Amino acid sequence: MIPMNNTCPVVATIRCEIHASKRLAPILANIVQTCARDLGQPVAIVATARANATIPVITLVLPVEVVIEPHQAWCLACRVACFCPDARVSVLVTGATEPAAAEVSEPAADAA
């Protein structure tokens, strides 16, 4: 756990979703955890084991604040892709829209 105080920056948690066979899911989760630990990145892994999975799928879900500047999350994605060459590795960036930015103002109707 990372302490949150004035001397330690807040580190966004990356979520990793793994969809693979029952045999491969724990192996892939271990690889992702090792790569993340080497880079000092906290990762929450959600593994879904499926008996009929043919191609393993690994999705790194990144909060938008991570992608604004160079971040170790990109190194994590590259490492996972290198160590899991038979898996489809992808990155999904999530972001929250502010209510004010999401509202579209309509032009005032002309008085006829």
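Mind listing just one residue for me: the one in the range 38-63 that is over 24 Å from SER21 (Cβ atoms) and not acidic (Asp, Glu) and, of those, modelled with the lowest pLDDT? Break it down into steps so the answer makes sense when it comes.
Residues of the range 38-63 over 24 Å from SER21 (Cβ atoms): 38-42, 62-63.
Checking the rest, the ones that are also not acidic (Asp, Glu) come to 39-42, 62-63.
Working: LEU39: 90, GLY40: 89, GLN41: 89, PRO42: 91, LEU62: 89, PRO63: 86.
Out of the qualifying residues, it is PRO63.
Quickly run through the range 79-97 and pick out the residues that are outside any strand (DSSP E or B) and loosely packed, with under 13 Cβ neighbours inside 10 Å.
Across the range 79-97, the qualifying residues are CYS82, PRO85, ASP86, GLY95, ALA96, THR97.
Restricting to the range 27-71, name every residue that is polar (S, T, N, Q), closer than 26 Å to GLY95 by Cβ and part of a helix (DSSP H, G or I).
GLN33
The values are calculated or read from the model by the stated rules, or taken from the named source; none is laboratory data. A quick note: this is a predicted structure, and the numbers were derived from the prediction, not measured. Reconstructed Cβ throughout: ideal geometry from the backbone, glycine too, with neighbour counts over all protein chains shown.
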